[in-house]
Every structure is written in structure tokens, then in C-alpha cells.
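Asker: Questions regarding the structure given below will be posed in turn.
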Amino acid sequence: MFSRIREDISSIIERDPAARTAWEVLTCYPGLHAIMMHRWAHWCWLRGLKWLGRFISHIARGLTGIEIHPGATIGRRVFIDHGFGVVIGETAEIGDDCTIYQGVTLGGTSLSKGAKRHPTLERGVIIGAGAKVLGGFTVGEGAKVGSNAVVVKAVPAGATAVGNPAHIMQKDANKQREEAAARVFAAYGVTPNSGDDPLSTALHQLIDRAVAQERQMREIIAALKAAGVNCEVLPQSDHFDPAQLNKLVE
């Protein structure tokens, strides 16, 4: 038990620049306290002491503001940062080295008892503040969920999910960049390219395509007029400002 606590403290100091000493982490980090109490509750739950497990979970929620069902499975070096308002459901599974921020819900969308209702987070997943991951699917190894995202389908390994409903941003195909990105810890699930939301990227591409087509149309009409072809003059439309449209979708 004590070796696991030392391991947890070391991982918190590594990932949180505000953590100064092991004593500070041990005494002042509710995420660590919630994980420690969950281990007691989970031990009781697995041995048929269901009420005692729920009661320990209830006490932990009152002390830390973090609610973890005693049936949830949590791996090693899981860091719940700040933690207030975190809810982790009964059939949730959290792999090693995951990071979860405040206000996160790992919830279920099914009412079937005994079914896998809550998500599985594989190793190294980061869930940003306020995100909701709802359903019995898997968030792949090294994936990131941006703050306030609502995820209702599986997230591939290494990808980033942002938005409501969440859009999936795939990792770069270049293997070296993938490996470098995997080594970088991204606080709150934010990476240098997290602003490249796939929906806004598609809109930018459509705007650029419209600009190119408008330019081609002007060139075609100019060529026809130069060749003596009489072109019907279309009604003047509103001025198309691509720069302004690009700013609106950023």
C-alpha cells in the first residue's frame, strides 16, 4: 500500500507544476485522497462487502468532492487534478497513468444492470475539465479529451476529441511526430494543435475553395469577353470577404 502511495505522489509531482513537496501532495491533494479511499472501497466491493464499500465511497465524496463508485477499476498512477465534481461510474475502467481534471463525468447511458455502461480509458488518457464521456466504449491509449467535450463514441488511440458532440482529431501520420507527441503531457487535454477543430478546418477549406472558384469564374468571363463572346451580366451580389469569414469560424 505504501509503495503505491509513493508511486502516486511521484506521478503527481511530475505532472503538476504546482506540487512542491511530497508532504504537500499527501496532505493537500483531494485527488490522491479519493484514490486511496477508493482502493479501500474497491477491496470491500470485490469481497462482497457492498454496503461498506458504498459507505466508504460516500465518505470520500463528502471529504473530497469526488465520487467514485466502489465497483470502478482504477489503475496505477492515476491523477485526479483539483477533482471537485468528478463522477466515475460503476463499470468504468481507468488504465495506468491517466489524468482526469475537475468536473469530469465518466457516465453511462444504459440502465441495464450488469452491463458495461461506463467508458474504459486505456493507458495515458487525459480528460480535460468539464468533459463528459458517456457510454460503454473505449478511449484509446494516449488519447486526449478536450475540456467541456461531450464524447459518446469510441476515441482511437492517440487521437484528440473536442467539441459538443465531440469531433475526433486523428494523430499526424508521421510516425516520429506521433512518438514525440506521446511523450508530451498535455494539461487539460490541450495540445499545440488542439485549436485545429476538424469542423472549423473543414469550413476554412470550403471558404478557400469558394475563393478559388470565384477567381476562376472571373478569369473565364474575362477570357470570353476578350474572345468577343457576349456574357450575360449577373446581378451584383454582396461583397465576399474570405478573411472575415475565416475569423468567424476560428
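Asker: Say each of L63 and E7 gets a label point 7 Å from the Cα, pointing the same way as Cα to Cβ; how far apart are those two points in nm?
Answerer: Here the answer is 2.2 nm between the modelled labels.
Asker: Another question, then. Quick check for you: with a 1.4 Å probe and neighbouring chains kept, what is the accessible area per residue of region 1-129, in Å²?
Answerer: Normalised by residue count, the accessible surface of region 1-129 is 49 Å².
Asker: What does the charge count near A226 come to, summing +1 for each Lys or Arg and -1 for each Asp or Glu among other residues with Cβ under 13 Å from its Cβ?
Answerer: With Lys, Arg at +1 and Asp, Glu at -1, the net is +1.
Asker: Does region 17-175 come out rounded, prolate or oblate, given a ≥ b ≥ c as the square roots of the eigenvalues of its C-alpha gyration tensor, rounded meaning a/c under 1.5 and, failing that, prolate meaning a/b above b/c?
Answerer: In terms of gyration-tensor shape, oblate.
Asker: Moving to a separate point now. Give me the extension gain from S110 to N148: residue separation times 0.36 nm, minus the current Cα-Cα distance, reported in nm with one decimal.
Answerer: 11.5 nm
Asker: Right, next: Check I94: other-chain or 5+ apart residues with amide H under 5 Å from its amide H, H built from backbone geometry?
Answerer: T73, I74, G75, L121
Asker: Same structure again: From the phi angles alone, apply the Karplus equation (6.51, -1.76, 1.60; θ = phi - 60°) to region 27-39 and give each ³J(HN,Hα) in whole Hz, x where the residue is Gly or Pro.
Answerer: My calculation for region 27-39 gives 9, 10, 10, x, x, 5, 4, 5, 5, 4, 5, 5, 4 Hz in order.
Asker: Now for a different question. Applying the Karplus parametrisation 6.51 cos²θ - 1.76 cosθ + 1.60 with θ = phi - 60° to the phi angles of region 46-55, what ³J(HN,Hα) value in whole Hz is obtained for each residue in order, glycine and proline being reported as x?
Answerer: Listing the rounded values in order: 5, 9, x, 8, 5, 5, 5, x, 5, 5 Hz.
Asker: Once fully extended, how much extra length lies between W51 and R15, figured as 0.36 nm per residue of separation less the alpha-carbon to alpha-carbon distance?
Answerer: 9.5 nm
Asker: In nm, to one decimal, how far is the F137 label point from the R209 one, both placed 7 Å along Cα→Cβ?
Answerer: In this crude label model, F137 to R209 measures out at 2.5 nm.
Asker: Using the Karplus equation 6.51 cos²θ - 1.76 cosθ + 1.60 (θ = phi - 60°), what ³J(HN,Hα) coupling, rounded to whole Hz, does each residue of region 113-129 give in order, writing x for Gly and Pro?
Answerer: Here the 3J(HN,Hα) series is 5, x, 8, 7, 9, 10, x, 10, 9, 7, 4, x, 6, 10, 10, x, 4 Hz.
Asker: Normalised by the number of residues in region 3-153, what is the relative contact order in percent for Cα pairs under 8 Å and 6+ residues apart?
Answerer: Result for region 3-153 is 15 percent.
Asker: Going from most exposed to least, what order do F55, F84, F79, F137 have by accessible area with a 1.4 Å probe?
Answerer: Greatest to least solvent exposure: F84, F55, F137, F79.
The values are calculated or read from the model by the stated rules, or taken from the named source; none is laboratory data. Treat the numbers as computed from the prediction; the structure is a model and nothing was measured. Ideal geometry is used to build each Cβ from the backbone, glycine not excepted, and the neighbour counts take in all protein chains shown. The accessibility values were calculated without ligands, DNA or RNA, using every heavy atom of the protein model including side chains. Shrake-Rupley method; radii C 1.70, N 1.55, O 1.52, S 1.80 Å.
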